[in-house]
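Asks: Following this message is one structure expressed as structure tokens.
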Ligand code: CA
């Protein structure tokens with residue numbers, strides 16, 4: 001990826017959304033397939049579950065298309081397609097239990113190569129890393145802290161427990177923006193800056209989508225982030241064509257977290273200097289050539 005491609009993606013986004021520039025404060029990371037190499041295990045468990053229950057018209061690749069959907073949602077789509085009817089609640093429960101057992105029997109997914117490097121660079125550049133995941137594992141925070149020590153703050157995480165609809169609805173990313181806003185309000189609340197402001201603004205620090213970026217690997221995740229109006233970076237860590245993620249509206253695409261890590265300094269400098277050149281103040285630092 002070169003600087004022109006990044007600049008053009010950022011300019012296109014700000015122009016479309018009517019922002020003067022990016023004002024990046026936080027980066028919202030999806031978890032499975034972005035921070036952990038867990039999608040192979042999910043796809044394999046879904047495939048064997050579907051076949052076991054007679055849903056033979058299902059491939060591991062299709063599992064990647066459904067990534068982020070609830071278990072019931074995925075089961076119902078396949079059942080409708082094959083049998084023309086929805087799955088019963090018992091059927092959903094039984095299949096989902098089977099899938100979970102299979103998944104848990106597989107070796108634990110490892111940290112995605114390059115992910116720690118991305119997160120460390122994000123943090124060093126003064127941008128707050130956040131988690132926005134559909135996962136609801138109880139051990140999530142402990143696992144994140146073990147693999148990515150001192151990166152995430154628990155109050156800046158969105159999990160299955162925080163949302164009603166989940167991806168591809170924009171809700172999880174809107175919730176992430178809200179949580180960041182509340183956390184910033186509290187910070188300001190303790191400072192003298194808030195002295196003259198009314199209490200109305202306490203829970204509504206005026207943050208907007210251009211204060212954020214999203215890092216996503218799945219079509220439905222990209223859909224959710226794009227619907228929330230946030231600049232969306234797809235990291236294509238699975239078997240799907242790039243065109244699927246770009247077709248959902250991703251603003252930029254990298255093929256691995258390592259590639260994103262390698263490009264972070266460039267990306268970060270473009271995001272920091274994204275104001276159109278005609279109106280930006282002179283003397284702004286420019287990236288090294
Ligand atoms: Ca994912």
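The values are calculated or read from the model by the stated rules, or taken from the named source; none is laboratory data. Since we're looking at a predicted model, the values are computed, not measured. Reconstructed Cβ throughout: ideal geometry from the backbone, glycine too, with neighbour counts over all protein chains shown.
Asks: Residue by residue through the stretch 121-142, note down the ones that are within 15 Å of the ligand (Cβ to nearest atom) and surrounded by fewer than 18 Cβ atoms within 10 Å (Cβ to Cβ).
Replies: Restricting attention to the stretch 121-142, the residues satisfying the condition of being within 15 Å of the ligand (Cβ to nearest atom) are 130-137, 140.
Within the stretch 121-142, 135, 136, 137 qualify.
Asks: Being within 16 Å of the ligand (Cβ to nearest atom), in the same structural domain as residue 259 (by TED's automatic domain parsing) and touching a residue at least 24 places away in the same chain (Cβ under 8 Å) is the requirement here; does residue 118 meet it? Walk me through how you get there before you give the answer.
Replies: Numbers: within 16 Å of the ligand (Cβ to nearest atom): yes; in the same structural domain as residue 259 (by TED's automatic domain parsing): yes; touching a residue at least 24 places away in the same chain (Cβ under 8 Å): yes.
For residue 118, the condition - within 16 Å of the ligand (Cβ to nearest atom), in the same structural domain as residue 259 (by TED's automatic domain parsing) and touching a residue at least 24 places away in the same chain (Cβ under 8 Å) - is met.
Asks: List every residue pair whose Cβ atoms sit under 6 Å apart, with the two residues 6 or more apart in sequence or on different chains, where the first one lies in the stretch 127-141 and is within 13 Å of residue 221 (Cβ to Cβ) and in contact (Cβ under 8 Å) with a residue 40 or more places away in the chain and the second, anywhere, is more than 15 Å from the ligand (Cβ to nearest atom) and assigned to a loop (DSSP other than H, G, I, E, B).
Replies: 131/152
Asks: Which residues, counting only those in the stretch 204-240, are more than 15 Å from the ligand (Cβ to nearest atom) and buried (at least 24 other Cβ atoms within 10 Å of the Cβ)?
Replies: The first filter runs over the stretch 204-240 and keeps only residues more than 15 Å from the ligand (Cβ to nearest atom), leaving 204-213, 227-231.
Listed by number, the residues that qualify are 212, 213, 230, 231.
Asks: Further, regarding this structure: Which numbered condition in (1) surrounded by fewer than 13 Cβ atoms within 10 Å (Cβ to Cβ); (2) at pLDDT below 95 is the only one that residue 243 fails?
Replies: In the conditions (1) surrounded by fewer than 13 Cβ atoms within 10 Å (Cβ to Cβ); (2) at pLDDT below 95, residue 243 misses (2) alone.
Asks: Next question. Within the stretch 35-52, is there a residue that is outside any loop (DSSP other than H, G, I, E, B), within 16 Å of the ligand (Cβ to nearest atom), modelled with pLDDT of 95 or more and within 30 Å of residue 185 (Cα to Cα)?
Replies: Within the stretch 35-52, not a single residue is outside any loop (DSSP other than H, G, I, E, B), within 16 Å of the ligand (Cβ to nearest atom), modelled with pLDDT of 95 or more and within 30 Å of residue 185 (Cα to Cα).
Asks: Could you list all residues from the stretch 53-68 that are crowded, with 19+ Cβ neighbours inside 10 Å and within 14 Å of the ligand (Cβ to nearest atom)?
Replies: 63, 64, 66, 67, 68
Asks: Would you call residue 64 assigned to a helix (DSSP H, G or I), more than 19 Å from the chain's Cα centre (by Cα) and outside the structural domain of residue 143 (by TED's automatic domain parsing)? I'd like the intermediate steps shown before the answer.
Replies: Working: assigned to a helix (DSSP H, G or I): yes; more than 19 Å from the chain's Cα centre (by Cα): no; outside the structural domain of residue 143 (by TED's automatic domain parsing): yes.
No.
Asks: So which helices (runs of 4 or more DSSP H) are wholly in the stretch 69-135 and hold at least 2 residues that are under 13 Å from residue 50 (Cβ atoms)? Spell out the reasoning first.
Replies: Values: elements: 71-83, 89-105, 115-124.
Fully inside the stretch 69-135 and qualifying: 71-83, 89-105.
Asks: For the stretch 13-32, what are the residues that are out of contact with any strand residue (DSSP E or B) (no Cβ under 8 Å at 6 or more places or on another chain), within 12 Å of the ligand (Cβ to nearest atom) and either closer than 16 Å to residue 261 by Cα or in a helix (DSSP H, G or I) (or both)? Reasoning before the result, please.
Replies: The initial filter retains those residues of the stretch 13-32 that are out of contact with any strand residue (DSSP E or B) (no Cβ under 8 Å at 6 or more places or on another chain), namely 14-21, 23, 32.
Still in the list and also within 12 Å of the ligand (Cβ to nearest atom): 32.
None - no residue of the stretch 13-32 is out of contact with any strand residue (DSSP E or B) (no Cβ under 8 Å at 6 or more places or on another chain), within 12 Å of the ligand (Cβ to nearest atom) and either closer than 16 Å to residue 261 by Cα or in a helix (DSSP H, G or I) (or both), so the list stays empty.
Asks: Residue under question is residue 99, and the condition is that it be in the same structural domain as residue 251 (by TED's automatic domain parsing) and touching a helix residue (DSSP H, G or I) at 6+ places or on another chain (Cβ under 8 Å); does it hold?
Replies: On the way: in the same structural domain as residue 251 (by TED's automatic domain parsing): no; touching a helix residue (DSSP H, G or I) at 6+ places or on another chain (Cβ under 8 Å): yes.
So residue 99 fails the test.
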